[in-house]
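Presented below is the structure to which this report refers.
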Amino acid sequence: MRMSSLFTKTSRTEPAGETSKNAKLLIQAGFVHKEMAGVYAYLPLGLRVLENIKQIVREEMNAIGGQEVMLTALQPQELFEKTDRWDDAKVDNWFKTKLKNGTELGLGLTHEEPIVDILQAFVNSYKDLPIYAYQIQTKFRNELRAKSGLLRGREFIMKDMYSFARSQQEHDELYEKAALAYAKVYDRLGLGGITYRTYADGGIFTTRFSDEFQTLSDVGEDTIYVHEGKKIAVNKEIFTDENLAKLGLKREELVEKRGVEVGNIFPLESKYSDALGLYYADETGHQQSIVMGCYGIGISRLMGMIAEHFADDKGIVWPAAVAPANVYLARLGNDADVTKAADKLYNDLTENGVAVLYDDRDERPGEKFADADLMGIPYRVVVSSRTIAENKFEVKARDKSDSQLLDKENLMKLFA
């Protein structure tokens, strides 16, 4: 990746009409382009961040036995009428369209019905269960107000997973495995220390609680009550003495905070499987209901949350796990020896599996350093006449104020 070849550019001017910090920074750094409220395009560097987040989520879902699929965005009316989720009076955030013949379709906002419909062709016996099926896909929701940049959109990237179990006990085991996998995701993204498993309302599907994963943030829309010792929280919507007693919590142990919901897991009981006629035959041949769960993570919302949280007055500070590159290589000057040394270092790092964004533009050092800070690449490495004279490279971590001079051997070890 050479800066001279990127069609995107950075900007020192805040985008007009954008109020959220995450969107301002991502637009200024050239990571996203705002099409309209709640709808963003991902540019080359932004797409790299998004793909890195996806891969972390994918690895943790695969680790618990998840099978990745890709379901359709276009949804048939009759499928959702069977579960009473087509009527706008009941689900008011559908985007809907029509075929040329007048048939009404929905744009996918969730996929419980479609995955159940698919499994009717494959699940018959107890031997066919349990199942985790998941996808990472664009979702569409006709939000009344899209706001907070990538934190609440009308078009967004989501990982949604669905579990299918033979009994409540088996479902509970699958549910807890997924909850642990979510905790690993947030740890790997650098958000583990400020993200809490949060008990919330189970809605119309279950008398049990659902679970949200809330990341503490001043821009959060949700009020939660945190138990620091147990690393759990309670959403304000269920913050009653009765529910606290069920959870074994005391009001005085909890601290009120603001949070951004970056994931949720939900017991569905057998609402969708029963409504759509998906059953299994047990060992005796008797028909039994299938207990379901659903598990969502907002991929693009996480990108916004990370940009919002890991930032300073100079720009974004990406965690290494999601950054679009490990190294921002800044070549200062166009002298032949400087160009030769910078080109060689770029090739050597790349050949050793280090992702490098090479700033080979004819710009002033201050301009390059400001771009490095704005883009938030974990390390800045400078090649200049001065560093060549000392046979070293100037290295600075994005989250540190001081730089150091390293020889080639120690530089390569830093990124080994």
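The values are calculated or read from the model by the stated rules, or taken from the named source; none is laboratory data. This one's a predicted model, so the numbers in the text were calculated from it and none came from an experiment. Note that we place each Cβ from the backbone using ideal geometry, even for glycine, and neighbour counts take in every protein chain shown.
Being crowded, with 16+ Cβ neighbours inside 10 Å and within 30 Å of residue 176 (Cα to Cα) is a property that residue 32 lacks. For segment 393-410, filtering for residues that are free of Cβ contacts under 8 Å to residues at least 60 places away in the same chain and surrounded by 17 or more Cβ atoms within 10 Å (Cβ to Cβ) leaves 5. Looking at (1) more than 31 Å from the chain's Cα centre (by Cα); (2) on the phi > 0 side of the Ramachandran plot, which one does residue 392 not meet, given that it meets all the others? So residue 392 meets the others, but not (2). Filtering 293, 298, 304, 333 for residues that are at positive phi and not acidic (Asp, Glu) leaves a single hit, 333. When residues in segment 233-280 are screened for being assigned to a helix (DSSP H, G or I) and either of a type in the set (A, V, I, L, M) or outside the structural domain of residue 307 (by TED's automatic domain parsing) (or both), 5 of them pass.
Here's the yes/no breakdown for (1) surrounded by 20 or more Cβ atoms within 10 Å (Cβ to Cβ); (2) within 21 Å of residue 134 (Cβ to Cβ):
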{"position": "270", "(1), (2)": "no, yes"}
{"position": "278", "(1), (2)": "yes, yes"}
{"position": "281", "(1), (2)": "no, no"}
{"position": "286", "(1), (2)": "no, no"}
{"position": "292", "(1), (2)": "yes, yes"}
{"position": "298", "(1), (2)": "yes, yes"}
{"position": "303", "(1), (2)": "yes, yes"}
{"position": "307", "(1), (2)": "yes, no"}
{"position": "315", "(1), (2)": "yes, no"}
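Apart from one condition, residue 212 fits all of (1) more than 25 Å from residue 276 (Cα to Cα); (2) assigned to a helix (DSSP H, G or I); (3) touching a residue at least 24 places away in the same chain (Cβ under 8 Å); the exception is (2).
Would a scan of segment 176-183 turn up a residue that is buried (at least 19 other Cβ atoms within 10 Å of the Cβ) and assigned to a strand (DSSP E or B)? Among the residues of segment 176-183, not one is buried (at least 19 other Cβ atoms within 10 Å of the Cβ) and assigned to a strand (DSSP E or B), which makes the answer no.
In summary, residue 218 fulfils each of the numbered conditions (1) modelled with pLDDT under 95; (2) in a strand (DSSP E or B) with the single exception of condition (2). Among the residues of segment 164-179, those identified as touching a residue at least 24 places away in the same chain (Cβ under 8 Å) and not hydroxyl-bearing (Ser, Thr, Tyr) are 164, 165, 166, 168, 170, 171, 174, 177, 178, 179.
Of the residues making up segment 291-300, one or more are in contact with a Leu (Cβ under 9 Å, 6 or more places away or on another chain), in the same structural domain as residue 209 (by TED's automatic domain parsing), modelled with pLDDT of 95 or more and hydroxyl-bearing (Ser, Thr, Tyr). Applying the condition of being over 27 Å from the mean Cα position of the chain (by Cα) and in contact (Cβ under 8 Å) with a residue 60 or more places away in the chain to segment 120-140 and asking which residue is nearest to residue 267 (Cα to Cα) yields 129.
Of all the criteria given as (1) touching a residue at least 60 places away in the same chain (Cβ under 8 Å); (2) surrounded by fewer than 20 Cβ atoms within 10 Å (Cβ to Cβ); (3) acidic (Asp, Glu), the one not satisfied by residue 359 is (2). Among residues of segment 299-324 that are of a type in the set (Ser, Thr, Tyr), those with a beta-carbon under 8 Å from a residue that is part of a helix (DSSP H, G or I) and at pLDDT 95 or above at least six positions away or on a different chain give the pairs 300/50.
When residues in segment 380-394 are screened for being out of contact with any Lys or Arg (no Cβ under 7 Å at 6 or more places or on another chain) and under 17 Å from residue 318 (Cα atoms), 1 of them pass. For segment 175-189, the condition holds for no residue, the condition being that it is at pLDDT 95 or above and over 22 Å from residue 63 (Cβ atoms). Could you please find all residues in segment 86-117 being within 19 Å of residue 164 (Cβ to Cβ) and either over 26 Å from the mean Cα position of the chain (by Cα) or surrounded by fewer than 16 Cβ atoms within 10 Å (Cβ to Cβ) (or both)? The answer is 117, and nothing else.
Kindly establish whether residue 272 is farther than 30 Å from residue 120 by Cα and among the hydroxyl-bearing types (Ser, Thr, Tyr). No, not satisfied. One residue stands out among those in segment 194-208 that are at pLDDT 95 or above and not aliphatic (A, V, I, L, M): the one that is surrounded by the fewest Cβ atoms within 10 Å (Cβ to Cβ), which is 197.
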